[in-house]
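Undergrad: Below you will find the structure I want to go over with you.
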Amino acid sequence: MKKTLFSLLFLLPVCATQAQASKPGNPVFEGWYADPEAAVFGKKYWIFPTFSAAYSKQVHFDAFSSSDLKRWKKHKSVLDTAAIKWAKIAMWAPSIVEKEGKYYFFFAANDIQKESEIGGIGVAVADKPEGPYKDHIGKPLINQIKNGAQPIDQYIFKDKDGQYYIIYGGWGHCNIAKLNNDFTALVPFEDGSTFKEITPEKYVEGPIMFIKDGKYYFMWSEGGWTGPNYSVSYAIADSPMGPFKRIDKILQQDPTIATGAGHHSVIHNPRTDKWFIVYHRRPLNVTTRDHRVTCIDEMTFDKDGKILPVKMTFEGVKPMKL
Ligand code: FUB
């Protein structure tokens, strides 16, 4: 009896530590995942990240779903190179939209350096957010290098009038182009051009756009993703075409929490009117390039609609149903 009591007392601190370690917070799920695309489909939150590893190992995407922003369920390999014959390596940075009951999964593959290489931005389609996704057009949607932009880091934006745009670009250049109705091709603007450059000052990659109170918020990543200075800035305009004048940096490294914070997306809970930033960061004292983890913190605005600097946390956000 005495021995049992002693063992119990001895085990208590161990159990407490384990409970703490498994408490949901930041990072929101285990594993090295970057470039998180967050979405709301029905009553569920979704995150579609890049599997952060050597380019040769980036041959699939996992997805995660949650009904409260805290407890995430993993959906393994929702899209991979077996479904996309032209994709060989470096599958990066998903952007997912639902249209007329179908889910369209835009991604980049192969890290192309010139147009003669096969790769760039592709699109896959499925009947459910968790897939299985199949190639929608059997070839890249954007293989060209226009206005100096590497065809990666696409974000699909739906305007107030229902028009869908693709906003994308690495190498410090960002383009916007119009998508056709079934996402099989781009359609030219009224002036006959297909790609318009909207690059703001200090832009590097990872663009996203959303509308709040009638204004177009454009956000992007700055600095180098392999280093500590990776960060997020933003601009506000009256049109998705800009002009976008950089306002400020709102997410960056914090010596008490993490470094390399960037390539984010944004979720809005319409019931509570709360906004969240979903981003990746590198744990303190880690310099390994691919050690990037996905986190969520609250994003707030001042009374004029300016985005306030984000306070990164270990606790993450409170549970919140849709
Ligand atoms: O994860 C691969 C690349 O790293 C992304 O395309 C960039 O935005 C950077 O996050």
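The values are calculated or read from the model by the stated rules, or taken from the named source; none is laboratory data. Bear in mind the structure is a predicted one, so any value in this text is a computation, not a measurement. So basically every Cβ, Gly included, is an ideal-geometry build from the backbone, and we count neighbours across all protein chains shown. Please note that ligands, DNA and RNA were not included when accessible areas were found on the heavy atoms of the full protein model with its side chains. Shrake-Rupley method; radii C 1.70, N 1.55, O 1.52, S 1.80 Å.
Undergrad: From the list Tyr203, Tyr216, Tyr234, Tyr230, pick out the single residue that is open to solvent by less than 20 Å² (accessible area, probe 1.4 Å), more than 13 Å from the ligand (Cβ to nearest atom) and without any contact (Cβ under 8 Å) to a residue 60 or more places away in the chain.
TA: After ruling out the rest, the residue left standing is Tyr216.
Undergrad: Of Ile167, Ile176, which residue is part of a strand (DSSP E or B) and within 15 Å of the ligand (Cβ to nearest atom)?
TA: One residue alone meets the criteria, Ile167.
Undergrad: Give the range 257-304 a look and list any residue that's under 18 Å from Val204 (Cα atoms), among the β-branched types (Val, Ile, Thr) and not in a strand (DSSP E or B), or say none.
TA: Correct list: empty.
Undergrad: Now for a separate question. Among the residues of the range 46-62, write down those that are within 16 Å of the ligand (Cβ to nearest atom) and part of a strand (DSSP E or B).
TA: Of everything in the range 46-62, those that are within 16 Å of the ligand (Cβ to nearest atom) and part of a strand (DSSP E or B) turn out to be Ile47, Phe48, Pro49, Thr50, Phe51, His60, Phe61, Asp62.
Undergrad: Kindly provide the set of residues from the range 97-137 that are open to solvent by 10 Å² or more (accessible area, probe 1.4 Å) and either within 16 Å of Leu186 (Cβ to Cβ) or not in a loop (DSSP other than H, G, I, E, B) (or both), ordered by number.
TA: Listed by number, the residues that qualify are Val97, Glu98, Lys99, Lys102, Tyr103, Tyr104, Glu115, Val125, Lys134, Asp135, His136, Ile137.
Undergrad: Restrict the check to the range 197-214 and report whether at least one residue is outside any strand (DSSP E or B) and among the hydrophobic types (A, V, I, L, M, F, W, C).
TA: Scanning the range 197-214 turns up at least one residue that is outside any strand (DSSP E or B) and among the hydrophobic types (A, V, I, L, M, F, W, C).
Undergrad: Identify all residues within the range 215-248 that are β-branched (Val, Ile, Thr) and either more than 23 Å from Asp159 (Cβ to Cβ) or assigned to a loop (DSSP other than H, G, I, E, B) (or both); write none if there are none.
TA: Within the range 215-248, Thr226, Ile247 qualify.
Undergrad: Does Ser193 satisfy the condition of being loosely packed, with under 14 Cβ neighbours inside 10 Å and more than 11 Å from the ligand (Cβ to nearest atom)?
TA: The answer is yes for Ser193.
Undergrad: Within the range 150-163, does at least one residue satisfy the condition of being assigned to a strand (DSSP E or B), within 15 Å of the ligand (Cβ to nearest atom) and either open to solvent by 30 Å² or more (accessible area, probe 1.4 Å) or under 23 Å from Trp86 (Cβ atoms) (or both)?
TA: Checked against the condition, which is being assigned to a strand (DSSP E or B), within 15 Å of the ligand (Cβ to nearest atom) and either open to solvent by 30 Å² or more (accessible area, probe 1.4 Å) or under 23 Å from Trp86 (Cβ atoms) (or both), the range 150-163 yields at least one hit.
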